[in-house]
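Asks: Once you've had a glance at the structure underneath, I'll fire off some questions.
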Amino acid sequence: MANKSTNPRWLALKAILLVVQRGRSLDDALATVLGTLKGVDERDLSLSRALAYGVCRWYFALKPVVNGYLRKPFKKKDLDLEAILLLGLYQLAIMKVEPHAAVNETVQLPQWQNKGWAKGLVNAVLRGLIRDEVNMSTGFDEKSYPEWLQHKIKLDWPEQTESILGAGNRLAPMVLRVDLRQISMAKCIKDLEQQGILGHAHGVVETALVLDKPCNITAVAGFQSGLLSVQDGATQLAAGLLDCQPGMRVLDACAAPGGKTAHILQATDELDLVAVDQDHNRLKLIDENLTRTGRQAKLVCGDAASPADWHDGKLFDRILADVPCSASGVIRRHPDIKLLRRASDIEGLVSQQRRILTALWDLLEPGGKLLYSTCSIFKDENERQIDWFVQNRDNCTVIGPNSVQWGEQRPWGRQILPGSENMDGFYYACLQKVDTGASRGR
Ligand SMILES: C[S@@+](CC[C@H](N)C(=O)[O-])C[C@H]1O[C@@H](n2cnc3c(N)ncnc32)[C@H](O)[C@@H]1O
């Protein structure tokens, strides 16, 4: 019998169950399952990841098909068997694995789950799927989303629903951020080519280089020195929109893992930057990012909504509020959001964003600018949030983004929908504090 502990399908099943049964994020689940393995072929690891991502991406479409082949649905204690069948169906109907291989490899999973009694059932269902030539390559985008998410997207974006749902199911490209102050885009593309890595300039986002295929970035020359970083094009827009000038005092609130922090510091010299995040472990990731890119900032573990606990009293010229959100714009990179996010989460997120935005506004110098951003496509978290904020303040004006070639102009701010210019879904609004001439804080 094959070795269970390194079997790609078994490892994928373990990761899927951590998401479905324990509510863990897929990245976290895969790190737990694959992170400590030694001597496993890189192709097997890739297959495990592809299977786990694929089942999460198509979970809501696969589930009713599988259940149609059962006399009665599985009991809660046997949902691992359902996950095995989803894994089988995904291989057959979407990944197009050769049927014999898919069945032979998948029927051994019940035994490894100590449920050898279910081998016959799994075998029968998979053979039924093959017999009926179940094909799910087209027309399943909508069904692959939970109903509440379909509904919310339709409400907010009735005309763009189909393209949003489709874009959320397409694989996202690996995108690099190039430090253009150290190397030109053309030279960078050439240097990568010499390492066998092909890619092209993004076209709309000046610093972004889109790779033809993902690569192991840690082995690429230029990564360890900070010349290259991995970052979607949409998020690379933040540093420019923040409009920093040398010598400014900048607050990056909700900063971890620090992709934007490093970019802001690479883009402008001599910034006095404070990066805040409430998650101690994630703060370490900012430190790693800054060390790699050779930049410095003051790192603070704290709640952005309670600055009294960490703020030294000096106001900031620029504030980036990259607030926690539903992440509904990045489903193509994190399909587990479909399983983990609930409709009821949105209200809490909106309140949290309001608390953070309100608290940060008091830290802004008159005349200073605050960039509000989310990786969400929900209007409640974006343009309606800014509408609420502006209507309740007489010292706030929305100044952008304007005159840009990306995204959709909204009543307040600008929205990038997923897949537009091959970017993640993202929202930006630039706010300026009106200088009323009142006494300054420093
Ligand atoms: C969208 S991520 C930020 C991504 C980051 N700006 C970047 O570009 O790498 C949101 C971050 O907000 C942090 N966070 C959530 N609530 C917070 C709060 N109340 N105060 C500070 N940080 C918070 C989370 O720990 C998470 O790291």
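The values are calculated or read from the model by the stated rules, or taken from the named source; none is laboratory data. As the structure is a computational prediction, the values presented were derived from the model and not from experiment. All Cβ positions, even for glycine, are placed from backbone atoms using ideal geometry, and neighbour counts span all protein chains on display. Ligands, DNA and RNA are excluded from the accessible area calculation, which covers all protein heavy atoms including side chains. Shrake-Rupley method; radii C 1.70, N 1.55, O 1.52, S 1.80 Å.
Asks: Scan the range 365-379 for residues that are aliphatic (A, V, I, L, M) and closer than 20 Å to Glu159 by Cα and report the count.
Replies: 1
Asks: Could you please let me know if Val276 is more than 19 Å from the chain's Cα centre (by Cα) and open to solvent by less than 10 Å² (accessible area, probe 1.4 Å)?
Replies: Yes, satisfied.
Asks: Suppose the filter is surrounded by 22 or more Cβ atoms within 10 Å (Cβ to Cβ), acidic (Asp, Glu) and within 22 Å of the chain's Cα centre (by Cα); does Asp336 pass it?
Replies: yes
Rundown of residues vs (1) more than 8 Å from the ligand (Cβ to nearest atom); (2) assigned by TED's automatic domain parsing to the domain that holds Asp28; (3) in contact with a helix residue (DSSP H, G or I) (Cβ under 9 Å, 6 or more places away or on another chain), yes/no style:
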| site | (1), (2), (3) |
| --- | --- |
| Pro257 | no, no, yes |
| Gln266 | yes, no, yes |
| Asp269 | yes, no, no |
| Asp277 | no, no, yes |
| Leu283 | yes, no, no |
| Glu288 | yes, no, no |
| Thr293 | yes, no, yes |
| Gln296 | yes, no, yes |
| Leu299 | yes, no, yes |
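Asks: Of everything in the range 259-273, what is part of a loop (DSSP other than H, G, I, E, B) and over 16 Å from Ile319 (Cβ atoms)? Give them in sequence order.
Replies: Of everything in the range 259-273, those that are part of a loop (DSSP other than H, G, I, E, B) and over 16 Å from Ile319 (Cβ atoms) turn out to be Asp269, Glu270.
Asks: Here's something else I'd like to know. Just to verify a result, which residue in the range 417-437, among those that are more than 17 Å from Ile377 (Cα to Cα) and of a type in the set (S, T, N, Q), is surrounded by the fewest Cβ atoms within 10 Å (Cβ to Cβ)?
Replies: Within the range 417-437, the match that is surrounded by the fewest Cβ atoms within 10 Å (Cβ to Cβ) is Thr436.
Asks: Please enumerate the residues belonging to the range 314-324 that are surrounded by fewer than 20 Cβ atoms within 10 Å (Cβ to Cβ) and either modelled with pLDDT under 95 or under 25 Å from Glu383 (Cβ atoms) (or both).
Replies: Pro324
Asks: For the range 246-258, give me each residue that is outside any loop (DSSP other than H, G, I, E, B) and either open to solvent by 60 Å² or more (accessible area, probe 1.4 Å) or of a type outside the set (Lys, Arg) (or both).
Replies: Residues satisfying the conditions are Val250, Leu251, Asp252, Ala253.
Asks: Go through the range 91-139 residue by residue and tally those that are among the β-branched types (Val, Ile, Thr), in a helix (DSSP H, G or I) and surrounded by 17 or more Cβ atoms within 10 Å (Cβ to Cβ).
Replies: The number of residues fulfilling the criteria is 5.
Asks: Residue under question is Gln353, and the condition is that it be of a type outside the set (Val, Ile, Thr), over 19 Å from Cys244 (Cβ atoms) and in contact with a Cys (Cβ under 8 Å, 6 or more places away or on another chain); does it hold?
Replies: It is true that Gln353 is of a type outside the set (Val, Ile, Thr), over 19 Å from Cys244 (Cβ atoms) and in contact with a Cys (Cβ under 8 Å, 6 or more places away or on another chain).
Asks: If you check Gly413, Gly367, Gly425, which single one turns out to be within 16 Å of the ligand (Cβ to nearest atom), under 20 Å from Ala239 (Cα atoms) and touching a strand residue (DSSP E or B) at 6+ places or on another chain (Cβ under 8 Å)?
Replies: Selected residue: Gly425, the only one of Gly413, Gly367, Gly425 that is within 16 Å of the ligand (Cβ to nearest atom), under 20 Å from Ala239 (Cα atoms) and touching a strand residue (DSSP E or B) at 6+ places or on another chain (Cβ under 8 Å).
Asks: Of the numbered conditions (1) of a type in the set (A, V, I, L, M, F, W, C); (2) surrounded by fewer than 18 Cβ atoms within 10 Å (Cβ to Cβ); (3) touching a Pro at 6+ places or on another chain (Cβ under 9 Å), Ala31 fails exactly one; give the number of that condition.
Replies: Here Ala31 clears every test but (3).
Asks: Could you list, in sequence order, all residues of the range 210-235 that are within 18 Å of the chain's Cα centre (by Cα) and within 10 Å of Val178 (Cα to Cα)?
Replies: Answer for the range 210-235, where residues must be within 18 Å of the chain's Cα centre (by Cα) and within 10 Å of Val178 (Cα to Cα): Ser229, Val230, Gln231.
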